[in-house]
Each structure stands twice: as structure tokens, then as C-alpha cells.
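The values are calculated or read from the model by the stated rules, or taken from the named source; none is laboratory data. Fair warning: this is a prediction, and the values are worked out from it, not measured in the lab. Cβ: placed from backbone, ideal geometry, glycine included. Neighbour counts: every protein chain shown.
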Amino acid sequence: MTGARAAPSAVPPEKPGVVSATPAPAAGGSQAFGVQLPSDIPAPPQKWRPITPGTRLTSLDPNRAAKEYFGAMLRPSNVRARSIGSYAKGCLAGGKSLPTDGPGWQVMRLSRNRNWGHPVMIDYLEDLARDAPGLGWRGLLVGDMAQPRGGPMTSGHSSHQIGLDADIWLKPMPDHRMDADERENVSAVSMLKGPMDVKGADRSVDPRKFTDTHAILIRRAAQDPRTARIFVSPAIKKALCAFETGDRSWLRVIRPWWGHHYHFHVRLSCPKGSSGCKDQTPPPPGDGCGKHLAYWLSDEPWVPKDPDAPVVKRRPMELAALPNSCRAVLEAQ
């Protein structure tokens, strides 16, 4: 998916990683998710030696890209669990890992070491996995959560920084325990009928792939009181709006965003005791199935005005941009 754009004159989408509803960045695909953009100054040449994973940090440079520090952490900090900062500018103290195998889940892409979260997120996923079989869903395939100490990731996400975000694949768990190689290479399944970035596209799900069971699982995830938002493709939001014929209150937390046609992204509210954790502004009232969704299903956010426009490489977030407490998280045992 390429060339997604947002138009100030249309109903603007919300930014998943920040607290205000403003036009989205001029970038598409999963890389656009949760962005909290710094300046448009091109990234300077690398001037630091790479950090060896697992290195004990004794000296931190506030001007260095935060993702280099947090990406090198192999274990969590041995302190009380706390989500610090915002979803797209923060870190995780005292993180807990989701076991790679459970009675109702399997963790994917083990080489990434991103199956970490606040204990509240671990409890949430275990609860959802326990209920899944009763909903007709064999089990969860869990994708990216957070790095051991949260913070900016080395690739793929701008959010997932404070241990309160988790990607759940829209592909059900198989009837066997996958080995590490299979988990690394098996493909997720797109729910889309076709491409989204073609003028006049039918931005719908493929009914042979997206079923009522998918909708029932997402509804169960959304109805949990710990859930702040669930991000899905606008095509999936459209399908969920048509699916629900009863209580539609849970649809409020289902938010359309670029990508998210292979998985749904759960975001939890800040847990009690996480001082310094910044919740996102609650979604606007209503089920979100009207004017806001109509914008997302139009050509406006998908078809580029100028497909030849150059892509500006943005400077990575520096350590200095994160809350001060995040330095202590990096330096802790």
C-alpha cells in the first residue's frame, strides 16, 4: 500500500499515538501507524558505533536515536512495573513477557523479542485467549507487543512503546504447536477484497476470509473495560458496523487506520499505579460508523495527489525526547 494521504478539508483521522485529532502524516502502510513526528529535517549520518545487544549501559547520549538503546535491551528492568509516557513517546519499566506458548495462544516472530508488556497487558491477552475457543476461535496468534523495556522500536512501529499495545493476527491459531522456523516464516492473511490505493476501489473485506467469528472475537476484545482502542483497517471497521445489530457501544473503540488488514491492534488504557503514563484522548461519542468512516472509505486518504512526490526521511526520535524516567529504565539492572 503506497501514497496514503490525508486532506485537511475532509473529516480528519485521529493520530493513534497522540492526543489530538489532526490530519495524518503523508505516508501510508503500517509504518504510518501511531506516528508522533519530529521535524522534517533529514536524518544526519550515523556517527555512533552500534550497541551490542545485551550491553549494560553506563553512559547515555541524549542526542542518540532512542531506538538504538531500547532495541539493544534483551531483558526488562528489574523494577516495579510502570508504563511511562505516551504510546508513541515513552518506555516500559518492569516489563513482563508473554510466554511464547500458552493454552490458547502462540507468539509469532520470536526473533524480534517483542513479546513484552505491562502485566495488565499480559493478563488481558491470557483472558482473551481463554475465552477465544468459546467464541469459535481456536486460539490467538500474537504478533508485536513491546520490546523488553519498551521505547521506540528498531523497525515497524512508532507506537508500542509503553507495553500497552499488542497486535493479534486475524489468522486463527493452527491445530499444532509451530516451531520457531514456522513462526518466523508463516504468512499472515489479508482480509481485504482488493487494493485500497486505487481510485474508486471497493474498500471492503473479502467475505470468504473475514467471517462473523472474526467479528465476534474483536467484539469480545473491545468490550473488555481495559481496552482504550482497537485499530483495524477501515474495511474491517465497515464490516463490523454491518455485523452488529444489537448493542453498538463497543464500536466506539474500533478505530480505522492505515494497514491493520492482517491483524487488529489492541491498545489498553494506562493502568493504575503507572504515574507519568499518558492516556490518549477518548474516541468521540458514537459508533464511528458515519461520516468519519465515510472519509476513510473514500479515495482521499488512499490515492496520492502526486505519486512522484519525494519521500522525506525523518530523523529518528532522540533519547532526549523521551520522559526523563526512561533513562533510568535503560540504566537499571
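For the reader, a short list of remarks on this structure follows.
- Which numbered condition Phe231 fails, given (1) out of contact with any helix residue (DSSP H, G or I) (no Cβ under 9 Å at 6 or more places or on another chain); (2) closer than 23 Å to Ser298 by Cβ; (3) assigned to a loop (DSSP other than H, G, I, E, B): (3)
- Contact annotation: residue pairs with Cβ atoms under 8 Å, 6 or more positions apart or on different chains, pairing a residue in segment 94-109 that is within 13 Å of Arg177 (Cα to Cα) with a partner that is among the aromatic types (Phe, Trp, Tyr), are Met108/Trp169.
- Taking (1) under 25 Å from Leu164 (Cα atoms); (2) out of contact with any helix residue (DSSP H, G or I) (no Cβ under 8 Å at 6 or more places or on another chain); (3) modelled with pLDDT of 95 or more in turn, Pro283 satisfies each apart from (2).
- Selection count, segment 260-286, where residues are crowded, with 20+ Cβ neighbours inside 10 Å and not basic (Lys, Arg): 11
- Restricting attention to segment 189-215, the residues that are touching a residue at least 40 places away in the same chain (Cβ under 8 Å), part of a helix (DSSP H, G or I) and under 22 Å from Asp144 (Cα atoms) add up to 1.
- Subset of segment 166-188 that is in contact (Cβ under 8 Å) with a residue 12 or more places away in the chain and not in a loop (DSSP other than H, G, I, E, B) - its residue that is surrounded by the fewest Cβ atoms within 10 Å (Cβ to Cβ): Ala180
- For segment 211-255, a residue qualifies if it is over 19 Å from Leu128 (Cα atoms), buried (at least 16 other Cβ atoms within 10 Å of the Cβ) and either out of contact with any Pro (no Cβ under 7 Å at 6 or more places or on another chain) or not charged (D, E, K, R) (or both), and the qualifying residues are Ser233, Pro234, Ala235, Ile236, Lys238, Ala239, Cys241, Phe243, Glu244.
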